[in-house]
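Have a look at the structure below before the remarks.
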Amino acid sequence: MTTSMTPAAQLAASLHLPTQAMIGGRPVAAASGKTFATINPATGEELAQIADCDSVDVDRAVAAARAAFEGPWGNMSQGDRKRLMLRFATLIDAHATELATIETLEGGKPIDDTANIDLVESIDVIRWHAEAADKVNDLLTPSGPGVVSMIVREPIGVVGVVLPWNFPMLMAAWKLGPILATGNTCVLKPAEQTSITTLRLAELAVEAGIPDGVINVVTGFGPTVGEPLGRHMDVDAVAFTGSTETGRRFLHYSAESNLKEVVLECGGKNPFVVMADADNLDRIADHAATSIFWNGGQNCSSNSRLIVHQAVKDELLELIVEKARDWPVGDPLDPETRIGAMIEADHLAKVLDNITSANDDGAECVLGGQRTLEDSGGYFVEPTIFTNVDPSMRIAKEEVFGPVLSVIDFSQPEDGIRIANDTSYGLAASVFTSDLRTAHLAARAIKAGTVSVNSYAEGDVATPFGGFGLSGFGGRDKSLHAHDQYTQLKTIWIDLG
Ligand code: NAD
């Protein structure tokens with residue numbers, strides 16, 4: 001850890017950290033008056049006390065969202081909504097350094113990532129969807145001269161948004177962009193570990209002139225805030241990003257309440273397949289390292305399974321181990337740091353438990369494998385690589401959500417694809433080959449919502465992101481396809497006879 005104060009650390013010491021829920025455009029304490037501690041995962045120290053809300057607060061927030069939907073926001077033209085969203089994006093931009101610092105403090109993410117990736121992409125996403133708000137037309141159908149038949153899209157209403165901790169700002173932006181652009185209002189429930197960024201975002205929305213009640217934030221825990229939101233009779237849709245286990249619950253909540261629409265973006269155990277003919281192993285090693293070490297592997301699309309042809313395995317592995325040196329673990333506020341802290345003590349314990357299981361199952365640890373920087377009080381783990389991993393091992397099956405790569409080798413090209421598909425998840429995949437035919441066939445054969453060829457990539461704001469199988473349900477984030485889940489189709493049939 002560095003001891004001198006970086007500019008980000010100086011800013012961190014002087015920041016305004018909002019801690020109350022945001023309901024109807026105003027910061028409010030939890031109705032119960034309770035609070036909970038939010039921890040800086042890089043130090044283990046308390047950052048702030050956050051409003052510990054429950055179903056009473058959820059009711060208040062849903063009522064505020066309903067009033068805004070039936071009032072100013074629902075009655076506003078698409079062009080005016082677009083202008084307000086653009087003003088919101090400009091304000092986020094103006095506060096980008098502050099927001100990046102908050103996200104680093106509460107999420108343990110390197111400041112270089114929050115400032116140069118999360119914030120930049122979040123602003124871009126909100127602008128992109130804002131621009132789309134007044135450019136999507138409804139349809140007339142060819143139903144004969146005596147009829148005017150229209151298919152129109154209407155906003156769905158009040159959307160509950162339940163967020164994870166690994167990309168607090170970006171996941172909020174992925175949801176807010178299409179939700180607002182299509183005329184809905186929302187109640188956001190940030191992950192309990194990362195409430196502050198979302199609260200600050202909501203303050204900026206109010207400052208931008210987005211009407212009170214359009215964006216509400218109810219802070220607290222899954223069972224006390226997430227569940228009441230999922231079961232609420234006046235919430236029309238829930239957009240969730242998080243683990244598959246919690247995602248499933250929202251389907252139950254919906255079935256047992258008002259059949260609200262449910263969109264789930266869940267976990268992954270993503271394959272990175274390298275064929276024998278893959279070109280430029282050095283470049284591939286860069287992609288492999290980025291894929292598993294970026295955000296400390298706490299990334300739903302991280303390629304945690306390197307499935308590599310035996311012909312290139314040793315050389316590639318050596319290169320990846322070398323590249324790992326470019327991924328220093330350290331103080332997230334230091335701009336040189338590339339791997340920050342795991343989000344919390346329990347999560348660190350889960351990652352270390354997965355490492356123990358890999359050792360016990362007979363995989364060979366060729367890099368890392370230990371907790372590090374313990375003196376900081378934070379939850380750091382070394383970049384870790386296991387080789388000789390069998391697809392049946394726990395380390396090859398479960399989402400570790402840490403900087404832990406499993407290397408599995410194969411000898412027949414079809415085995416590479418078969419092993420890639422040997423998972424219940426299907427979020428993202430990468431395949432590396434220099435043969436065009438192999439690339440196309442593999443891209444078609446791999447079961448995943450995104451397949452990137454000769455890169456580790458999630459696409460961009462114009463491409464949909466979401467998963468097959470246990471990785472997702474009911475819709476997509478990003479792109480115009482994300483507008484579908486927040487609108488409902490209405491047929492208007494006018495008989496002219
Ligand atoms: P999580 O499922 O533990 O929590 C997600 C949210 O659900 C949190 O806000 C939490 O408070 C809430 N929640 C927890 N229990 C609940 C309950 N019983 N009822 C209602 N709400 C409840 O997930 P996490 O640990 O915060 O996030 C990590 C997971 O998110 C990983 O599995 C990762 O792959 C996934 N993820 C997916 C994507 C994607 O786009 N597919 C993106 C980012 C993260």
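Computed from the coordinates by the stated procedures, all read-outs in this text should not be read as laboratory data. Owing to the predicted nature of the structure, the values given are computational and were not obtained by experimental measurement. No Cβ is skipped: glycine too gets one built from the backbone with ideal geometry, and neighbour counts run over all protein chains shown.
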Quick one: order Ile355, Ile39 by neighbouring beta-carbon count within 10 Å, fewest to most.
-> Ile39, Ile355
³J(HN,Hα), Karplus 6.51/-1.76/1.60, whole Hz, each residue of the range 232-249, x for Gly, Pro = 5, 6, 10, 9, 8, 8, 10, 10, 10, 10, x, 6, 4, 4, 6, x, 4, 4
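Considering Cα pairs under 8 angstrom that are at least six residues apart, work out the relative contact order of the range 265-371 and quote it in whole percent. Could you put the intermediate results ahead of the total?
Details: 116 pairs, mean separation 26.0, N = 107.
Result for the range 265-371 is 24 percent.
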Fewest to most neighbouring Cβ within 10 Å: what's the order for Leu204, Leu306, Leu251?
-> Leu251, Leu204, Leu306
Counting only residues 5 or more places away or on other chains, whose amide H sits under 5 Å from the amide H of Lys34 once H atoms are built in the peptide plane?
-> Asp52
Give the Debye-formula value of log10 I(q)/I(0) at each listed q (0.07, 0.08, 0.14 Å⁻¹), with one equal scatterer per alpha carbon of the chain, two decimals each.
-> -0.38, -0.50, -1.37
Amide H to amide H under 5 Å from Leu47: which residues, 5+ apart in sequence or cross-chain, H placed 1.01 Å off N in plane?
-> Thr38, Ile39, Asn40
Between the residues Ser430, Leu470, Ile292, the Cα farthest towards the positive end of the dipole of the chain, that dipole coming from +1 and -1 charges on the beta-carbon of Lys, Arg, Asp and Glu, is from Leu470
Phi-derived 3J(HN,Hα) across the range 299-312 with the Karplus relation (6.51, -1.76, 1.60, θ = phi - 60°), rounded Hz, x for Gly and Pro, is 9, 4, 9, 5, 8, 7, 10, 8, 10, 10, 5, 4, 4, 10
Could you order peptides 172-180, 468-476 by the average number of other Cβ atoms within 10 Å of their residues, highest first?
-> 172-180, 468-476
Where does the chain land at 222 nm, in deg cm²/dmol rounded to the nearest 500, when only DSSP H runs of n ≥ 4 count, each adding -39500 (n - 2.57), divided by all residues?
-> -11000 deg cm²/dmol
Proxy exposure order for Cys266, Cys186 (fewest C-beta within 10 Å first) is Cys266, Cys186
Non-local amide H neighbours of Asp277 (under 5 Å, H modeled in plane, Pro and chain starts lacking H): which ones?
-> Ser434
Karplus-derived HN-Hα couplings along the range 323-339 (A = 6.51, B = -1.76, C = 1.60, θ = phi - 60°), whole Hz, x at Gly and Pro | 5, 4, 5, 7, 10, x, 8, x, 4, x, 7, 8, x, 7, 5, 10, 10
Ranked by how many other beta carbons lie within 10 Å on average, peptides 322-335, 153-166 from highest = 153-166, 322-335
